[in-house]
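Inspection log for the structure reproduced underneath, given as structure tokens.
The values are calculated or read from the model by the stated rules, or taken from the named source; none is laboratory data. Bear in mind that the values here come from a model prediction, so they are computed numbers and not experimental data. Note that each Cβ is placed from the backbone with ideal geometry, even for glycine, and that neighbours are counted across all protein chains shown.
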């Protein structure tokens, strides 16, 4: 069934629109993650960029109608999740990683190079807890920040026939 869901989202017609919820660094804050998902009912895909595997798996079970993409963070001890995932949604390629293996706290050069090697349209990373959205030479770049705590943030990506729009939102 998951394979069918992925195939459906890869080939979704270009005149359709898709919303993707991007979160990271929830650090066991299941409540914040649930609130973010509930605040974005149009989001068909939830991407968790690490440091919150336990609550991400709980949400995956709680929201079976949504596709979940999960990667391992440096605080996801004994995790069997991959350190990166490359997915295609509506003919757009997303490179998803927590970022610690690409040393994102030292700069984005390695992560951007890996995303470009993968021919990605969008680079998604976490780890720094600093929300960012940018566009550089054909590559959209987003760090949703940390969802944990009173200043929690998350990201939204809207993929439409007109293009890609990225936004950072504060969890209320």
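Scanning the range 22-36 for residues that are surrounded by 19 or more Cβ atoms within 10 Å (Cβ to Cβ) and over 20 Å from residue 75 (Cα atoms) turns up just one, 36. For first residues located in the range 122-146 and surrounded by 15 or more Cβ atoms within 10 Å (Cβ to Cβ), partners that are part of a loop (DSSP other than H, G, I, E, B) and modelled with pLDDT under 95 and lie 6+ apart or on another chain with Cβ distances below 9 Å form the pairs 129/148; 145/151.
Are any of the residues in the range 93-108 touching a helix residue (DSSP H, G or I) at 6+ places or on another chain (Cβ under 8 Å) and within 18 Å of residue 68 (Cα to Cα)? Yes.
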